[in-house]
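The values are calculated or read from the model by the stated rules, or taken from the named source; none is laboratory data. These numbers come from a predicted model, not from an experiment. Cβ coordinates were reconstructed from backbone atoms using ideal geometry, including for glycine residues, and neighbour counts include every protein chain displayed.
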Amino acid sequence: MQHISHWIGGRVVQGTSGRTGPVFNPATAEQTGEVDLASSAEVDAAVESAVGVAREWAESTLSARSEILFRFHHLVRTRRDEIARLVTAEHGKVLSDAAGEVARGLENVEFACGIPHLLKGGFSEQVSRGVDVHSIQQPLGVVAGITPFNFPAMVPMWMFANAIACGNCFILKPSEKDPSPSLLFAEMWRDAGLPDGVFTVLQGDGEAVGALLEHAAIQAISFVGSTPVARHVYETGTRRGKRVQALAGAKNHMVVLPDADLGVAADAAVSAGYGSAGERCMAVSVVVAVGSIADPLVEAIAERIPAIRVGPGDEAGSEMGPLVTAEHRARVASYLEGTALGGARVVVDGRHGVRNGGFFLNPSLVDFVQPGSPVYDDEIFGPVLSVVRVQTYAEAIDLVNANPWGNGVALFTRDGGAARRFEHEVQAGMVGINVPIPVPVGYYSFGGWKTSLFGDTHMYGPDGVRFYTRGKVVTSRWPDPSTSRVDLGFPRTR
């Protein structure tokens with residue numbers, strides 16, 4: 001059985017807390033490893049190691065950082081299949097999905113490779129007689145990232161690429177459910193030439209999270225996870241004077257207007273609802289069928305579900321893998337019965353015909369769902385797709401905007417005017433027009449509205465650079481000594 005430990009000061013460090021957590025293969029339900037769970041004392045030691053090199057890394061040249069990032073990018077590309085296999089083994093998603101996760105994460109590393117350009121400041125000459133002003137962005141120091149189980153490769157790259165490029169030391173606390181990719185990243189950072197201590201991996205659970213939030217030397221925290229935990233991370237971190245960005249839960253709607261291409265919309269709903277077994281914060285979990293398209297759309301989605309091949313992620317032909325744990329599988333399945341449905345009708349029940357062994361649950365489709373029922377109100381985070389029927393575009397937009405979450409939303413239509421109106425009126429941070437999962441490319445930024453985001457900045461892209469730096473404005477005068485005189489007035493620009 002594999003033992004998974006921390007990475008501190010450029011090497012693997014065995015845990016000393018005496019606490020470990022199990023790591024499973026979700027496709028077989030077998031325990032394949034155990035991971036160390038850091039104590040507060042171990043967090044202190046890891047932070048101290050990072051603090052020891054923080055100033056030296058902050059003073060490194062932009063060219064040197066960029067060169068290391070280019071080498072790291074090359075190593076990730078070279079070993080992307082190995083990373084994908086690790087993700088599949090511990091998370092359960094199929095290999096093609098895991099490979100796509102690595103590819104999208106690499107976009108963020110590519111963006112960060114341009115750090116010499118991204119950190120260019122502004123300069124204004126002669127703002128007053130003999131006075132110039134320029135702005136600079138400087139690193140924060142030691143920062144930390146707390147990442148979720150559903151994207152153990154991509155989300156860390158969302159965070160650490162920009163953080164390290166900007167001159168910070170980065171401490172990663174990955175999910176204890178799939179911790180192995182984090183150590184592979186650590187090896188690649190070392191092989192790319194990153195100085196020891198600039199990148200740290202702390203394996204752990206809530207105790208490690210609490211210690212990072214409380215530690216005075218941690219200047220900023222990035223988090224992706226559920227809404228209750230995101231709120232706790234944001235409130236605790238900001239109370240301690242830290243900069244915090246906490247990306248939270250979602251209930252993403254896909255609005256389908258009567259003029260939409262039925263086949264395209266049905267394909268999109270199936271792909272976005274059941275990909276990665278629905279364990280995505282950008283998964284479509286609610287289809288809003290407007291008017292006359294409802295009956296044929298539900299029928300088209302139901303017809304496609306039996307063709308989805310559910311199986312182990314590393315098995316050829318599998319399109320959807322298992323859920324991450326037995327407990328999560330049981331929770332998701334509970335939404336298909338009793339009061340959780342609130343009177344809705346189960347069209348396809350994913351509890352039937354389930355593959356033996358592992359944490360499998362087949363795709364499910366629920367029609368006539370109403371707000372106020374748990375199947376609509378809760379973030380299920382599994383392969384359960386709900387259909388809400390409305391009669392008009394206005395009802396659809398009101399439904400989406402009334403939802404407490406505002407992560408992603410999609411509209412399917414052939415009407416350009418409706419699409420333009422929708423992107424203007426809808427209250428969500430990421431909008432897709434005939435695109436079901438509108439995750440921005442690496443040179444934009446990712447983030448939602450309302451209770452899908454706690455903090456002032458989105459993640460990666462330009463917002464990522466802003467989050468991991470603080471601005472400084474310098475006003476300077478180099479006068480001729482012969483013109484110097486006393487002036488007690490307020491500095492003037494005219």
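Here is how the numbers come out for the structure above:
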{"item": "Candidates 192, 186, 144, filtered to the one that is crowded, with 24+ Cβ neighbours inside 10 Å and of a type in the set (A, V, I, L, M)", "result": "144"}
{"item": "Selection count, region 344-389, where residues are at pLDDT 95 or above, touching a Gly at 6+ places or on another chain (Cβ under 8 Å) and more than 17 Å from residue 331 (Cα to Cα)", "result": "4"}
{"item": "Some residue of region 437-460 being buried (at least 19 other Cβ atoms within 10 Å of the Cβ), without any contact (Cβ under 8 Å) to a residue 40 or more places away in the chain and not assigned by TED's automatic domain parsing to the domain that holds residue 401", "result": "yes"}
{"item": "Residues located in region 425-483, provided they are assigned to a helix (DSSP H, G or I) and of a type in the set (A, V, I, L, M)", "result": "465"}
{"item": "Unique match (being more than 30 Å from residue 357 (Cβ to Cβ), buried (at least 16 other Cβ atoms within 10 Å of the Cβ) and not aliphatic (A, V, I, L, M)) among 291, 275", "result": "291"}
{"item": "Candidate set: region 9-32, residues that are on the phi > 0 side of the Ramachandran plot and in contact (Cβ under 8 Å) with a residue 60 or more places away in the chain; chosen: the one surrounded by the most Cβ atoms within 10 Å (Cβ to Cβ)", "result": "10"}
{"item": "Filter pass, residue 385 being aliphatic (A, V, I, L, M) and assigned to a loop (DSSP other than H, G, I, E, B)", "result": "no"}
{"item": "Unmet requirement for residue 397, which otherwise passes all of (1) in a loop (DSSP other than H, G, I, E, B); (2) touching a Phe, Trp or Tyr at 6+ places or on another chain (Cβ under 8 Å); (3) over 19 Å from residue 308 (Cα atoms)", "result": "(1)"}
{"item": "Criterion: outside the structural domain of residue 327 (by TED's automatic domain parsing), surrounded by fewer than 18 Cβ atoms within 10 Å (Cβ to Cβ), free of Cβ contacts under 8 Å to residues at least 12 places away in the same chain and not charged (D, E, K, R) - qualifying residue of 122, 130, 100, 114", "result": "100"}
{"item": "Residue among 144, 163 that alone is in the same structural domain as residue 461 (by TED's automatic domain parsing) and assigned to a helix (DSSP H, G or I)", "result": "163"}
{"item": "Qualifying strands (runs of 3 or more DSSP E) (wholly inside region 1-116; at least 2 residues being of a type outside the set (S, T, N, Q) and under 24 Å from the mean Cα position of the chain (by Cα))", "result": "6-8, 20-25, 30-36"}
{"item": "Looking only at region 304-333, and only at residues there that are touching a Pro at 6+ places or on another chain (Cβ under 6 Å) and β-branched (Val, Ile, Thr), the one that is nearest to residue 27 (Cα to Cα)", "result": "324"}
{"item": "Complete set of residues in region 198-219 that are surrounded by 22 or more Cβ atoms within 10 Å (Cβ to Cβ) and within 19 Å of residue 65 (Cβ to Cβ)", "result": "198, 199, 200"}
{"item": "Residues that are under 20 Å from residue 466 (Cα atoms) and either crowded, with 16+ Cβ neighbours inside 10 Å or at pLDDT below 95 (or both), drawn from region 234-247", "result": "234, 237, 238, 242, 243, 244, 245, 246, 247"}
{"item": "Hits in region 166-178 - residues which are under 20 Å from residue 4 (Cα atoms) and part of a loop (DSSP other than H, G, I, E, B)", "result": "174, 175, 176, 177, 178"}
{"item": "Residues that are in contact with a Lys or Arg (Cβ under 8 Å, 6 or more places away or on another chain) and part of a loop (DSSP other than H, G, I, E, B), drawn from region 179-204", "result": "193, 196, 202, 203, 204"}
{"item": "Every pair of residues 6+ apart whose Cβ atoms lie under 6 Å, when the first sits in region 54-82 and is surrounded by 14 or more Cβ atoms within 10 Å (Cβ to Cβ) while the second is among the β-branched types (Val, Ile, Thr) and not in a helix (DSSP H, G or I)", "result": "54/142; 57/198"}
{"item": "Filtered residues of region 424-459 (kept if of a type in the set (Val, Ile, Thr) and closer than 20 Å to residue 111 by Cβ)", "result": "437, 439, 441, 457"}
{"item": "Residue in region 416-424 that is part of a strand (DSSP E or B) and over 23 Å from residue 236 (Cβ atoms) present", "result": "no"}
